[in-house]
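Structure first, then comments.
A short reminder: the numbers here are calculations on the coordinates, not readings from a lab. Here the structure is a predicted model, which is why all the values come from computation and not from measurement. Don't worry about glycine lacking a Cβ; one is built from the backbone with ideal geometry, like all the others, and counts go over all protein chains shown.
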Amino acid sequence: MPELPEVETVRKTLKKQIIGKKILKVDILYNGIIASNLNDFKKKIINQEFIDIKRIGKYLIFELNNYYLVSHLRMEGKFFIKNIDDDVVKHEHVIFTLSDVSLRYHDTRKFGKMYLVDKDKLFIDTPLINIGKDPWDKSLNIDYLKEKFNSSKHIKTLLLDQSIISGIGNIYADEILFKSKINPLRLGKDLNDIDLLNIISNTKDILERSIEHGGTTIRSYTSSLGVIGHFQDYLMVHQREGMECMMCHNIIKKIKVNGRGTYYCPNCQVK
DNA sequence: AACGAAACCTGCGCGC
DNA sequence: TGCGCGCAGGTTTCGT
């Protein structure tokens, strides 16, 4: 479930439920989720307390007393709060037993990762060492994008590059390009100042509006923490292949860009 | 060095 | 009904 707005929704919801609580026990049912040294992870995390939950790009940053627990949900990672004695269900891979509740990490495809990072090394260690600018960072400006987009890669690919801007995924990349009237196959180096300005402002605008609606819940994905977002009702192109463009009534097309399904309006987004 | 492809996993919907 | 294929909100690793 994870692009920036969905992760932000999880962060807010989770924060209300676990701040101030201590980790009494951790059960790891599928080791692949833990990207750090497994034994260190298990040992260090016991008796740590949740101080705060932040978000950087698509990463959830759980602030503990002495560490950051950094979690990436990848395609289908979800957190749930359950009763401690509830049965463990299929696809629950990491179970944190807190004083009065059970925090459970559920991930059908097992793609998600968790890292335990020293507090003074958050941006020095993996996975955040190369993280790009936050969409609302004031230094994310035309000059920055001119340099980073000076490439023969397609703009869709560049928008998905987390070391340039952090938090944009496949749904919002399509929406940002539609609103900016930029064809996904245009090359980064061919964009002009107006294009870059549009990308900067539309990225913030679309992500903000999605956060207001609790993110996007599409396909049959069940949502994290029982929270269902509604921004899918406002998507202009994503998953609308064969349907009429909301702006010009031409037919929305679907292509592949860098292996990712990409939706656009050939009339609004001329190459 | 830089690019696309494959890998990591599971489940669903489709056509035959 | 069953099988095989393609597809999925992501990122890292492997080959050419």
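Couple of notes before you dig in:
- Residue, farthest from DNA strand B (Cβ to nearest atom), within region A:99-122, restricted to residues that are out of contact with any Ser or Thr (no Cβ under 7 Å at 6 or more places or on another chain) and of a type in the set (Phe, Trp, Tyr): A:TYR105
- In region A:229-260, the qualifying residues are those that are surrounded by fewer than 16 Cβ atoms within 10 Å (Cβ to Cβ) and within 12 Å of DNA strand C (Cβ to nearest atom), and the one that is nearest to A:LYS82 (Cα to Cα) is A:HIS230.
- Of all residues in region A:130-155 being within 16 Å of DNA strand B (Cβ to nearest atom) and polar (S, T, N, Q), the one that is surrounded by the most Cβ atoms within 10 Å (Cβ to Cβ): A:SER151
- The sole residue among A:THR126, A:THR108, A:THR157 that is within 16 Å of DNA strand C (Cβ to nearest atom), β-branched (Val, Ile, Thr) and farther than 23 Å from A:GLY77 by Cβ is A:THR157.
- Residues being in a strand (DSSP E or B) and within 30 Å of A:ASP205 (Cα to Cα) - total across region A:118-137: 1
- Counted residues, region A:31-61 - those being farther than 24 Å from A:HIS91 by Cβ and in contact with an Asp or Glu (Cβ under 8 Å, 6 or more places away or on another chain): 5
- In the set A:SER71, A:SER36, only one residue is small (Gly, Ala, Ser) and either more than 16 Å from DNA strand C (Cβ to nearest atom) or more than 18 Å from A:GLY215 (Cβ to Cβ) (or both); that residue is A:SER36.
- Matching residues, region A:33-53, being of a type in the set (Val, Ile, Thr) and either within 13 Å of A:ASP118 (Cα to Cα) or in a helix (DSSP H, G or I) (or both): A:ILE33, A:ILE45
- Where strands (runs of 3 or more DSSP E) sit wholly within region A:70-117, those with at least 1 residues that are without any contact (Cβ under 8 Å) to a residue 40 or more places away in the chain and surrounded by fewer than 20 Cβ atoms within 10 Å (Cβ to Cβ) occupy A:77-82, A:102-107.
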